[in-house]
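**Student:** Take a look at this one; I'll ask things after.
What follows is calculated from the coordinates using simple rules that are stated; it is not laboratory data. All figures in this text were calculated on a predicted structure; none of them were measured in a lab. Virtual Cβ from ideal backbone geometry, glycine too; neighbours counted across all protein chains shown.
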Amino acid sequence: MSRRAVVIGAGLAGMLAAAALSTVVDEVIVLERDDLPEGPEHRKGLPQGRHAHLLMAGGMAAMEELVPGTRLRKDLLAAGAHEISLGRGMVALTPEGWLRRWRHEGPQMITCTRALLDWTVREAVVAGTPVEIRKGQVLELIGSDRRVHGVRVSTPDGDTDLDAALVVEASGRGTRVIKWLELLGISGIRETSVDSGLVNATRIYRTPPGAEGFPLTMVQADPYASRPGRSGMVLPIEGDRWMVSLAGTRGGEPPADPDGFLQYTLDLPDPVVGRLISGAEPLTDVRIGRSTSNVRRYLEKARQWPEGFVVLGDAVAAFNPAYGQGMSVAALGAQLLARELRRDGPAAPGLARRVQRAAAGTVDAAWTLAVSQDVWYPGTRGGRPGTADRLAAGYTRRLTRAATGSYAAASALWDVTSLAAGPTRLFRPNALLAALTGPPLPAPAGPPLTAKEREVLRGLDRTGR
C-alpha cells in the first residue's frame, strides 16, 4: 500500500493536517487549486480573508503542538501580530453591559491578518517537514464506499490519478465532499445551514501615534433585541495598523461607502469605535464580505464511511465568523488527527471513521455558540429558537450579566469562547453561583478605559460626542 497521504487544500486546515500526517507517512502532497502568494498577502480562494480573525488560546495551543519547531507564536509576534489578554487587553460592550477589565490576564488571543497567519503556518510546515504543495484541482475520489485510495486531479499538464493511503479533504466552505461521496455510493448525509444574512465591512487604518497600546475594542451585537444585529470592532494587526470590522445581520448590513461606514459605527449602542477611527488615517477602501452562514455536514452520522478518507475544517462545519472560532476548530481537528495517527498509524482499521466522529465533537461547542445566537436575529434562514435555545439563552444572558462584575463568571466565558474548555465549564459551581447571584461589582457605566486611554480617545475624536 502507498505510504503517501494527500491533503486537499493548502489553507490553514490543510496545512495543519499535512503537518499531522508528515510524521507517520513517507510523503505528503497538498493539492491547491489557487495560486498561493509568496508572502503574507490575501489570496482569492479565501472569501473572508480580508476581515477580522481572532486566533483563540485553544487554537494556538493546538497549532503549536502540530507545527514543527513550536515557534509559531513567536514567529507571529515577530512578524507584528498582537497578543491580547481577554482579561486586561479588551474593552467590550456585551448585550448585558460593559465587561470589566481585571488585573488577571485571562486567556490570550492572537490578532493579525488572516494572510499573515496562513503564510506563517504554511512557511513553517513546508520548512520543517517533507510536505510538498502542488497546484491542482481535485475532480473526484478514487475508490469505493469501503475505501478511498486516491484522487483524480486536474493539473496544468492534464488530468491524473494520485494514489494515497490517506486522503484528507480540507478545501473549506466550497467543498464538494457530499457529491464525491455520492459518486462512491454513500448518500443521505444531512447538511444544515443557519444563515443570519450577516455582512462584514472592513477598513484598514494607520494606528495613530500614541495609540499603539490601545486595547482591542468591540461593541457586540444583541441577538435578543428583536432587531437586526449590528457590531463593530477595532483590533490591532501587523504593520502598525488597525483593522476596523463591522458586521450586520439581514436588514442591518453595514455600507461600503466611507461616510456610511463611519456613521454606522457611531450608530452602534456605544459610539466608541466611531470616535476612535474618526481621527485615524484610512489606508484602504471598505471591503465587503458575505460568506458568513453557519453550515454543518453531519458526516459522522453516515451509515457507512470509507477507510482512508477524513474531512476536516470548514468542509465539516463553517461558522459565522462573528464568533471567531473557525480557525481554532480547524486546529483542534488536525490535532485530533495527529493523536489518532500517532496511536494507531495511518493504516489502522476504522481510523478514518474514529477521526470523523471525534472531529464532530470538536465542532459541537462552536456550532452551538454560533447557531444558538444567530437563530434569534430577524430574517435568519434555516433556524428558529426552540426550547433548548431559550433555556441556553436565559442562562447565557445571566452569566454574561454576571461577567460585567464577576471574575468567576468572566473567566468561565473566556475559557469556553477560547476553546480552552468545553461547555461544561459554564456549569461549574463557581460559574453557576455567579449566574444565580449576579455581579458583586457594578458594571462599568461606559468603556472601562484607563486615564491614558481616555486621553487618546479624546485626542482622536472628531465627532463632537
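**Student:** Compute, for segment 373-437, the length of the dipole vector about the Cα centre, with Cβ point charges of +1 (Lys, Arg) and -1 (Asp, Glu) only. Units Debye, rounded to 20.
**Tutor:** Once rounded to the nearest 20, the dipole reads 160 debye.
**Student:** Between segment 282-335 and segment 152-226, how many Å separate their Cα centres?
**Tutor:** 5 Å
**Student:** Sort 9-15, 391-397 by the packing proxy (mean of other Cβ within 10 Å over each peptide's residues), most packed first.
**Tutor:** Highest mean packing first, the order is 9-15, 391-397.
**Student:** Which value at 222 nm does the chain reach when only helices count, each DSSP H run of 4 or more adding -39,500 (n - 2.57), with the total divided by all residues and rounded to the nearest 500 deg cm²/dmol?
**Tutor:** Taken over the chain, the calculation gives -10000 deg cm²/dmol.
**Student:** Let me ask something additional. Compute the Kirkwood hydrodynamic radius of segment 27-127, taking the inverse of the mean of 1/r over all pairs of distinct Cα atoms, and give it in Å to one decimal.
**Tutor:** Evaluated over segment 27-127, this radius sits at 15.4 Å.
**Student:** Another question, if that's okay. For segment 152-304, just run the numbers: alpha carbon Rg, then divide by 2.2 N^0.38 Å, N being how many residues it has.
**Tutor:** Segment 152-304 yields a ratio of 1.44.
**Student:** May I ask for the Kirkwood hydrodynamic radius of segment 329-465, worked out over all distinct Cα pairs and given in angstroms to one decimal?
**Tutor:** Here the Kirkwood hydrodynamic radius works out to 18.4 Å.
**Student:** Follow-up question, since we're still on this one. Throw me the Rg/Rh for segment 336-416, computed over C-alpha atoms with Kirkwood Rh, two decimals.
**Tutor:** 1.16
**Student:** Calculate the all-directions average of the projected area of segment 1-42's alpha-carbon convex hull, and give it in nm².
**Tutor:** Result: 3.4 nm².
**Student:** Turning to a different aspect of this structure: How big is the convex hull of the Cα atoms of segment 238-282, per residue, in Å³?
**Tutor:** Each residue corresponds to 89 Å³ of Cα convex hull volume.
**Student:** Follow-up question, since we're still on this one. If the viscosity is 0.692 mPa s and the temperature 37 °C, what translational diffusion coefficient in µm²/s does Stokes-Einstein give for segment 77-142 when Rh comes from Kirkwood over Cα pairs?
**Tutor:** Diffusion coefficient, whole number: 210 µm²/s.
**Student:** Could you give the nm distance between label points at Asp259 and Ile178, where each point is 7 Å from its Cα heading toward the beta carbon?
**Tutor:** Taking the two extended label points, one gets 4.4 nm.
**Student:** If I take the Cα coordinates of segment 262-405 and project them onto the principal axes, what are the three extents in Å, biggest first?
**Tutor:** Result, largest extent first: 60, 43, 33 Å.
**Student:** Which value results when the Cα radius of gyration for segment 413-465 is divided by 2.2 N^0.38 Å?
**Tutor:** My calculation over the Cα atoms of segment 413-465 gives 1.75.
**Student:** Moving on to the next point. Report, largest value first, the span of the C-alpha coordinates of segment 59-217 along each principal axis, in whole Å.
**Tutor:** 58, 39, 29
**Student:** Determine the percent antiparallel among the DSSP beta bridges restricted to the chain, to the nearest 5.
**Tutor:** Bridges in the chain are about 70 percent antiparallel.
**Student:** Let me ask something additional. Obtain the radius of gyration and the Kirkwood radius of segment 284-369 from its C-alpha atoms and give Rg over Rh.
**Tutor:** 1.06
**Student:** Over the chain, what lengths in whole Å, largest first, do the semi-axes of the equivalent ellipsoid take, defined as the square roots of 5 times the eigenvalues of the alpha-carbon gyration tensor?
**Tutor:** They are 38, 24, 21 Å, listed from largest to smallest.
**Student:** Please work out the Kirkwood hydrodynamic radius for segment 373-437, using every pair of different C-alpha atoms, and report it in angstroms with one decimal place.
**Tutor:** So the Kirkwood estimate lands at 12.5 Å.
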